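Written out below as structure tokens is the structure these notes cover.
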Amino acid sequence: MRRVSLVEFYRHKQMKVSVSRSSILVALAATVLLAALPGAIQRIVQTGDLYLFTQRFFEDMVARLSGAGRLRFILQPMAASLVGIRDGKSNAHGGRPAFLSALAFHGSCRLDLLRSAFASIRDLVAIAIILDVVSQLLIFENVHPGAALLLGPVLIAVPYSISRAIANRISGERSHSRAGQALELRSNTERIIFTSLRHCGVISARIRLVFRTFRPWRQG
């Protein structure tokens, strides 16, 4: 009884630590964006340039790929893909449809899938936003919060969604294949047992026939 209570206490404490970490990351990302917002508004008022999806925006994207923090364009999608593979396997084992197709065609489970996806990648998205703000400061010496708010989630959500859908489909096909193999093995086993029993019956009948044939001879 004491052991069970200790396990429950440990799980509760671990959950609180996880929630606190996620809350801190989300709050830090929101604080960074809010701190950069007044400067961005002032630049828009002065220049009339919204920055997003302009020629300068795409030129700065190229600079991001070659500037400080460029490894995050590799490491962050890899981390998101690993999380997506984990969730995709879990969905396949639970018998749920593929992530992208479920979002598009299964309205009944769309909300649950979005909630589970947000819970899985929330920390990664917050980290991506923070790192993009830091990268902008190091490369451009100013911050465009809209770009960070766009690039961070896209950098995580796209590889996560694709890897989750692929992992779900592959794991589901493997599960169906294993189930089919198990059913085929069971059918073959039953067939072998039935055939063996039938042969045993034939052999038993022949033995009885032999004894009946030789019984009058032995009595004589």
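Screening the range 41-122 for helices (runs of 4 or more DSSP H) wholly inside it with 3 or more residues that are more than 25 Å from the chain's Cα centre (by Cα) returns the ranges 55-66. Looking only at the range 47-70, decide whether some residue is at positive phi, free of Cβ contacts under 8 Å to residues at least 12 places away in the same chain and of a type in the set (A, V, I, L, M, F, W, C). Yes - at least one qualifying residue is present in the range 47-70.
Cβ-Cβ contacts under 6 Å between residues 6 or more apart (or on different chains), taken from a first residue in the range 112-127 that is closer than 10 Å to ILE156 by Cβ and in contact (Cβ under 8 Å) with a residue 24 or more places away in the chain to a second residue that is of a type in the set (S, T, N, Q) and part of a helix (DSSP H, G or I), are listed as ARG122/SER22; ASP123/SER22.
The set of residues in the range 136-150 being surrounded by fewer than 21 Cβ atoms within 10 Å (Cβ to Cβ) and farther than 10 Å from LEU33 by Cβ consists of LEU137, LEU138, ILE139, PHE140, GLU141, ASN142, LEU150.
Quick note: the coordinates plus some simple rules give every number you see, no bench work behind them. These numbers come from a predicted model, not from an experiment. As a convention, Cβ positions derive from the backbone with ideal geometry for all residues, glycine included, and neighbour counts pool all protein chains shown.
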